[in-house]
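Input: a single structure, listed below in structure tokens.
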Amino acid sequence: MTVILGIETSCDETAAAVVVDGRVMRSNVVSSQVELHAPYGGIFPEVASRAHIEHIYPVVQKALDDAAVTATDLDAIAATRGPGLAGSLTVGANMAKGLALAYNKPLVAVNHLEGHVYSLWLAGPEFYFMSGAADQPDQTPPIAFPVVVLIVSGGHTELLLMHDHGDYQRLGGTLDDAAGEAFDKVGRLLGLPYPGGPAVQRAAQSADPAAFDFPRVWLRGDQGERNFNFSFSGIKTAMLHTLQELIPGYQPDSPLPEDAPIADLAASFQQAVVDVLVAKTVRAAQDFDATEILVAGGVSANQLLRQQMVQQAERPVRVPPLPLCTDNAAMIAAAGHYRFMAGQRDDLNFDVVATWPLATPAA
Ligand code: KG4
Ligand code: ZN
């Protein structure tokens, strides 16, 4: 049995969690900075680092307390090494190093993207949403490799073929904006609150997804039909142009008139993004004969994406329960468990990395 403390501070969430055997959450504490960054319409890195410094100690203490363990009981401490904001990552990494030094515990540095992948291995009362299978965690069959994994977050859109624990083949990823970034930017154009993803989903409810025809960028041609890359910057520009046509004198960040068709615009945008994400993921699963499809990251909270993936996948689809879609430390502890079991140990002098593709070892 392993008892692992996970620490996550790559972006704007200060998080700590205690996970047993990479699967059972004993605690999961997330302190969000959304309200701090909302006035800027995006994350302000310096503000983020300072907020992490203020919150890291109480968040870690609460994670230990909620789990009814002390640092002495831990088998290892796992912390996000990257990718993310260097100043933010450093706060969590230093907390993990301090604990590892003080309590003489092994330290495991985790890739944030791998953390999102391992959110699918966590179990709990409301877990696993699968097509054609039980939704009770104790009846949920274990994940059988190979699986196609779609990671969709504010910073990343990655399509991977996962052959085994820690064994990833990159099939493609975004060439420009991440899917979540597109939601955030379009949300801002539509005058919706930050972060844009949940706000766009809310605005799109019961609106017409065919009201506006936004581009679906397939990127076919350079690699024939099988192109598993994505591009979401064009759709943001298309939204800007549509708003400029609809609303005379429209400027980004200017208030929208009351009769602006925000709901239909949001629904049509959301549909275009989801169509591409689902089609490419399902195609990859067919081409590589994947047993299942796993979807993780903040955008995997999107209801349309979840529904459409399940409808079209022709194989089981797993998505995390909503609180584990966005950044958290339970997923870091879960990934840390598999790395720890594989023998990974990191030095107290490891540096954080702003960029760290999952399929490549960190330099
Ligand atoms: O994984 P995450 O918490 O942070 C990163 O690692 O980037 O993802 C945050 C992203 C944001 O872009 C947010 O707008 C998006 O996830 N998001 C959503 C939804 N909930 C969060 N996007 C679409 N629909 C949602 N329901
Ligand atoms: Zn994330």
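The values are calculated or read from the model by the stated rules, or taken from the named source; none is laboratory data. Note that this is a predicted model, so its numbers are computed, not measured. All Cβ positions, even for glycine, are placed from backbone atoms using ideal geometry, and neighbour counts span all protein chains on display. The accessibility values were calculated without ligands, DNA or RNA, using every heavy atom of the protein model including side chains. Shrake-Rupley method; radii C 1.70, N 1.55, O 1.52, S 1.80 Å.
Here are some notes:
- Residues located in the stretch 32-62, provided they are touching a Cys at 6+ places or on another chain (Cβ under 8 Å) and part of a helix (DSSP H, G or I): Ala48
- Some residue of the stretch 315-337 being away from ligand 1 (no atom under 16 Å from the Cβ) and open to solvent by 50 Å² or more (accessible area, probe 1.4 Å): no
- Enumeration of residues in the stretch 325-357 that are out of contact with any His (no Cβ under 9 Å at 6 or more places or on another chain) and under 30 Å from Pro198 (Cα atoms): Thr326, Asn328, Ala329, Ala330, Ala333, Ala334, Gly336, Val352, Val353, Ala354, Thr355, Pro357
- The stretch 16-62, residues that are within 16 Å of ligand 2 (Cβ to nearest atom) and more than 19 Å from Tyr194 (Cβ to Cβ): Ala16, Ala17, Asn28
- Out of Asp264, Asp253, Asp327, Asp259, one residue alone is more than 23 Å from the chain's Cα centre (by Cα), outside any helix (DSSP H, G or I) and in contact (Cβ under 8 Å) with a residue 24 or more places away in the chain. It is Asp253.
- Unique residue being at pLDDT 95 or above and either more than 16 Å from ligand 2 (Cβ to nearest atom) or open to solvent by 50 Å² or more (accessible area, probe 1.4 Å) (or both) when the list is Asp253, Asp259, Asp287: Asp287
- When Gln270, Gln312, Gln286 are screened for being among the polar types (S, T, N, Q), part of a helix (DSSP H, G or I) and under 19 Å from the mean Cα position of the chain (by Cα), only Gln270 passes.
- Taking first residues from the stretch 284-304 that are of a type in the set (Asp, Glu) and partners that are at pLDDT below 95 and assigned to a loop (DSSP other than H, G, I, E, B), the Cβ contacts under 8 Å between residues at least 6 apart in sequence or on separate chains come to Asp287/Arg226; Glu292/Ile143; Glu292/Ala144; Glu292/Arg315; Glu292/Pro316.
- Scanning the stretch 63-95 for residues that are away from ligand 2 (no atom under 14 Å from the Cβ), open to solvent by 40 Å² or more (accessible area, probe 1.4 Å) and of a type in the set (A, V, I, L, M, F, W, C) gives Ala68, Ala86.
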